[in-house]
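Rule-based calculations on the coordinates, nothing more; no lab input. Please read all numbers here as calculations on a predicted model, not as lab measurements. Reconstructed Cβ throughout: ideal geometry from the backbone, glycine too, with neighbour counts over all protein chains shown.
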Amino acid sequence: MLWSGYSGGLEVRTSEGGLTVLRGRFPYAVPTVLSDGKEKRREVFEARAFGASVASGGDVHLLVHHDMNKPLASRGAGSLEFDDTDDALTFEARISPEMDKVGYVRDFLGTLAAGLVGGISPGFRVPQGGDMVKRSGDGLLRVVKSADLIEISAVTKPAYPAAQIEARNWEPDYTPDQSKIASVINRWRL
């Protein structure tokens, strides 16, 4: 092994042959505060919230900062695998030596090695009935029961300290107007 390290939700190892393996973990049942204003907004994922999506075998990409123009690996290409357990969604991505010729991949691996990128953040859609928002203490708590995993990204500043995610809709008993939903259903960033 030439280089390895652990930074936040990502672990990276590079072999002498140039293959880079990234591993990441998104833990379930670990709430986070996404907004600490007058009314706190918290979010938590139930165990196996991505289970059905992972089991379906559909294509999912590992991206740099949620940018679909900066893929690192994908299930469709056979370079990304997931394991969904009661504790966490984990992944392993294999970045081939040929990818070292791609500028953004070199940039990403450099920022990762320098400790500037260290978290992971899933990009997902929540199907109708897949979440619940309720009042909790001095704010709102969104409980994600099931979600369709679209992509998972390496990010600089994740919302979940233990693994990371993005902010979501915060209306209790929210039912979206299907005619107004854009292509990024239920995917809002802080």
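Evaluate E = 1/(1 + (r/R0)^6) for Ser96 and Glu39, where r is the Cβ-Cβ distance and R0 equals 45 Å; express this FRET efficiency to the nearest 0.05.
Computed FRET efficiency for Ser96 and Glu39 comes out at 0.45.
Output wanted: per-residue J couplings in Hz (rounded whole) for the range 65-75, from phi through Karplus 6.51 cos²θ - 1.76 cosθ + 1.60, θ = phi - 60°, x for Gly and Pro.
6, 6, 9, 5, 8, 10, x, 10, 6, 7, 5
Please list, ordered by chain and number, the residues whose modelled amide H lies under 5 Å from the amide H of Ala73; skip anything fewer than 5 residues away on the same chain.
Amide H neighbours of Ala73: Leu62.
Stretch Asp67-Arg13 to full length: gain in nm at 0.36 nm per residue minus the Cα-Cα span?
17.2 nm
Net charge near Asp87: determine it from the other residues with C-beta under 13 Å of the C-beta of Asp87, scoring Lys and Arg +1 and Asp and Glu -1. Don't skip to the end; give the middle numbers.
Details: positive: Arg25, Arg48; negative: Glu46, Asp83, Asp84, Asp86.
In short, -2.
5 Å is the cut-off here: which amide hydrogens, built 1.01 Å from N in the peptide plane, fall below it relative to Leu89, excluding neighbours closer than 5 in sequence?
Phe26, Tyr28
For the pairs Lys70/Lys134; Lys38/Lys157; Lys40/Lys70, note any where the Cα-Cα span goes beyond 27 Å.
Values: Lys70/Lys134 36 Å; Lys38/Lys157 22 Å; Lys40/Lys70 33 Å.
Lys70/Lys134; Lys40/Lys70, as the Cα separations exceed 27 Å there.
Could you give the nm distance between label points at Met132 and Ala55, where each point is 7 Å from its Cα heading toward the beta carbon?
Going from the Met132 label point to the Ala55 one covers 2.0 nm.
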